[in-house]
Structure formats: structure tokens, C-alpha cells
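Chemist: Submitted below is the structure of interest, expressed as C-alpha cells.
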Amino acid sequence: MVDSAESDEALMLSFARGDAAAFEELYRRHESRVFRYLRRNVRDPEAANDLMQEVWFAVARSAARYQPTARFTTWLYTLAHHRMVDAFRARRDHLSLDAANDGDGGASLIDRLPADPRSEPAVEAETDQDADRVLRAVGQLPEEQRAAFLLKAEAGLSVEQIAAATGTSFETAKSRLRYARHKLRELLAEYA
Amino acid sequence: MNTPEERDDDALDERYRRASGAASDGPSAAVRAAILAEGRRIAEQQRRAAAPVSVDTLRRAANDRHWRLAAIGTLIAATIAGLLVVPIYREPAPLPGEAALTRTESPPVASPLAADSAPAPNAAAPPPVPVAAAKLQQQSAAGAALEAPAAPSARRPLAPSVVRADAERAAGGASPRQRVEPAPAEPRAAAADRAVLDVTAARRASPSADAAPAALAASSPDAAASLRAAVLDGNRSRVASLLEAGAPLGAVDADGRTPLLLAIATGQVDVVRALLAHGADPNIPGRDGRTPLAEARTRHLDDIAALLERSGAR
């Protein structure tokens, strides 16, 4: 029986000793946020599912060597971030939507994606409209800024942890976060 | 107390969280099932590894002294090999001219087989060994008598080199055979050493055969990605095997991090140790200018910092 008050690090150590329930509890705690972090970054649901599996397989297979030298969350998102960066590099051609401007009037691919049923103006509520705007705006951030923003807003990491997860200095992480928020506000103002 | 700017930031983050939560995203059921199944598999594996190991009577215990037998066997094999190899270096081989001289001037009486195959030019000529014995008797009555060889029929066949040495001792400096000196043992050993050195030098000069797989592996763009994946997995043995296959230690990821920096970022002390053991430069900084040692200290990874310092990190 897993104590839900146990820390992530303690759960990971229990899992390393063979406690499958500890892994399930860890997964349950972080499933949604990790998936959304990946999904908001790569946007392709299939790719996000592949990455999700890769990340958690890596977590499970690292159990025997896991040492709680840093917070589990930081380690988890470091794994997730680097898997994502590698995936971006490998699949840049068909995943990167940011810079896709193929000369048909300047609209980026993100603007030309088929509309999600949730965002059909006739049926969506005001809150859904706002959610749609926010997610679209996040999707338009440059990769590094988007990762920094999502690590903060979605994963709840501190600036220091973002720096650790993305392999940058504290100042760089802070700067990316600041630029991301500034750009988000601009985009949301435009949508409004 | 938060500043107005911080409150704005928090509000923006909260607005995003509401939007993200409303989207109700989640992994597919298949992915979730696969992840949880993998977790159960690893847990079972860990449980088996942690369980007390049952005694396998067919397998030798780790502290069994069977290694002594192996050590003694190895020692005996090495001694036999040494006994077989050393004479090659110590005993001079007959030179072509010397062999001819031996056939013409000194029929190999000590070697009955050779005597049969190479008949003496003069059948009436006395056998050489008694001649040598007679000379010895002339030079030293008592001593030579003691040292005089027995009759040919009673002698055991001697090695050609022994026959030559006996004859030379008996003939003193006057024998024409002295003109054909056998090559001394020491220069032959030196020549053998030179040959070995020449082969080594040739290998050094043309390392392509040994270096080819490493060069191929290092040139593969997948090698760097595989190494990064193994580092992130904390898979020390895979990291080591990739490095031995030539995976590039200096290749950086999209964030400008070397595999060593990546291992430090994920707190993988064993992987850091493997990378350093395979020659990773502990002073290559990341894109932001921070060195591996600074990175480890920032993360309070004292064991990794100590490893880096021992490897010359500054």
C-alpha cells in the first residue's frame, strides 16, 4: 500500500526496491502535467504519446540507478525536455509548425490547422474561447521560450529548476520566461 | 509580498492552467497501459534482484578457491611456452655458409640420419670426432682424457650446435671453420626485438585497420544521439559500449551540452565516471559558459564534483 503523502523521491526509491504500486502512484501524480508539457510543445498527439512512453520507460529503467540527488520533478522534466528536443531535431520537418511559412500569404501552419471542434465559434462557450486563445498563443511562442513557460506554468518548476532541466544558466532561463510571458500577453491582446 | 509584475505573471500562469485543464488532454489508453506494464516488469525485476539468491549447487561460489587451479594451470602453460620459445632466441641457427662447411669439412657423425643422407666425400677419411679427441689429448693429457668423447657408437646424437662447439674448442683458433662464426645469441634476440618494434611501428604508421570501426562509428550522426539517449537513461554499460565503438564525446545537443554536461544535469554519477574514464574533457563548458565542475557544484552534486576534480576539472 502506497502512502499518498510520500515524496516523489521516496516513491522512486520504493519502486527501485521492487514496489510496482510506488511507480503507479508516481505516474498518476505526474501523468497529466508531463503529457501536457509534451503535447503543448510538439502539438502532434501521436508524437506526444510516443514521447510520453519514452520518458516513462526511461524513468522506469533508471530506477536501479536512481539517486535522489535532486528533486524528482526536476529530473523527470530534464528527461522529458531532452527527449523532446531530440524528437524535435529528428522530426523537425513535419513537427515544427512555428516557422512554417510556405508563401501562401504569410499565415503560419498553426493558423491553418483544421479547427478543433471545441473551437467552432458557434458552439464554444466564452471560457472555451479563452482557453483556445491561450493555447494557440502558447503554441506560437518560440521553442525555447515555450519550453520555459510550460515548465513554469504546467510543471510548476522554479526558475532554478527550469535552468537545470533545460541546461541553461539561471539568467538565461529567467530571460526566456520573461520573453515568453511578454510575447504571450501581446498575442492574447491581439486575439482580444 | 508579490510585486504587481509578479502578480501579473501568476495571473497569466493561472490563465494558462485553466485553459490547459479545460483541454482535458491525456495520453492514450494504450500508452498508459504500456507504461504501467513496463513499471510492473521493472519492479518485478528489481524485486528478484533484491531477493536472497538461492544456492545454485552447480555454480561455483564467488569465493571458491577454484581460481588457484586456474592460476596454477596458467603458470604451467606459461612456463612450457617459455621453454619452447626461449631456445629460439638463445640458440643461433646455422648460417647457410656454415651448413655447407659442415657438410664438406665435418661429416655429421653425431647425426646418424644426416650421415646417411649426405655421404662423406672420402669414405676412408677418419671420423672427425676422434680427430678432435686426439687433438684434445695432445693439448692436455689428463684433462683432455677426461673430456674426450666416447666412441661414436657409444655417443648419443648431439645437436649440431653442440657438435660445432666441441669441434671449435678442440680445433682452437686454427680451424678454418672459425671464419664462419655462428651469429651470437644476443644480436639475434635484439634482431627479434627489432622485428617486433618494426611491426609495432608499422601498425602505428598505418592504423587504419584498427581505427576503422571507431572512425565509422564516430562519423555516424546516430552515434551522438544514441550516446545522449544512453546518458539520459543512466545506462552506464551502454554508454561505455558506445564510447568504445567510437561515439563522439564532444558532440553537443541542441542546448550545447556535451554528454558529460548532460550526465551531470541528470545527476548520473556512474555515467559521469564512465565518460571520464573514456577520456571526456572535464573542462568543456556549455553554451552558457558554465564548466562541468560549476554545473555539479550548482546542483550540489558533491560526488560528481569530486570525480571531476580528480580528473583535472577546473
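The values are calculated or read from the model by the stated rules, or taken from the named source; none is laboratory data. These figures come from a predicted structure and were not determined experimentally. Here the Cβ positions follow ideal geometry from the backbone for every residue, glycine too, while neighbour counts run over all protein chains shown. All accessible areas refer to the heavy atoms of the entire protein, side chains included, with ligands and DNA or RNA removed. Shrake-Rupley method; radii C 1.70, N 1.55, O 1.52, S 1.80 Å.
Matching residues to (1) of a type outside the set (D, E, K, R); (2) in contact with a Leu (Cβ under 6 Å, 6 or more places away or on another chain):
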residue	(1), (2)
A:PHE15	yes, no
A:ALA22	yes, yes
A:ARG29	no, no
A:ALA70	yes, no
A:PHE88	yes, no
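Chemist: Something else: Please list, ordered by first then second residue, the pairs with beta carbon atoms under 8 Å, 6 or more apart or interchain, first in the stretch A:20-48 and within 20 Å of A:ALA137 (Cα to Cα), second charged (D, E, K, R) and in a helix (DSSP H, G or I).
Modeler: Short answer, once both residue conditions are applied: A:ARG40/A:ARG146; A:ASN41/A:GLU143; A:ASN41/A:ARG146; A:PRO45/A:ARG39; A:ALA48/A:ARG39.
Chemist: Continuing with this model, one more query. Residue check, A:VAL159 against (1) touching a residue at least 12 places away in the same chain (Cβ under 8 Å); (2) open to solvent by 40 Å² or more (accessible area, probe 1.4 Å); (3) over 20 Å from A:PHE35 (Cα atoms), all met but one. Which one?
Modeler: (2)
Chemist: Mind listing just one residue for me: the one in the stretch A:40-95 that is over 22 Å from B:ALA230 (Cβ atoms) and part of a loop (DSSP other than H, G, I, E, B) and, of those, modelled with the lowest pLDDT?
Modeler: This residue is A:ARG43.
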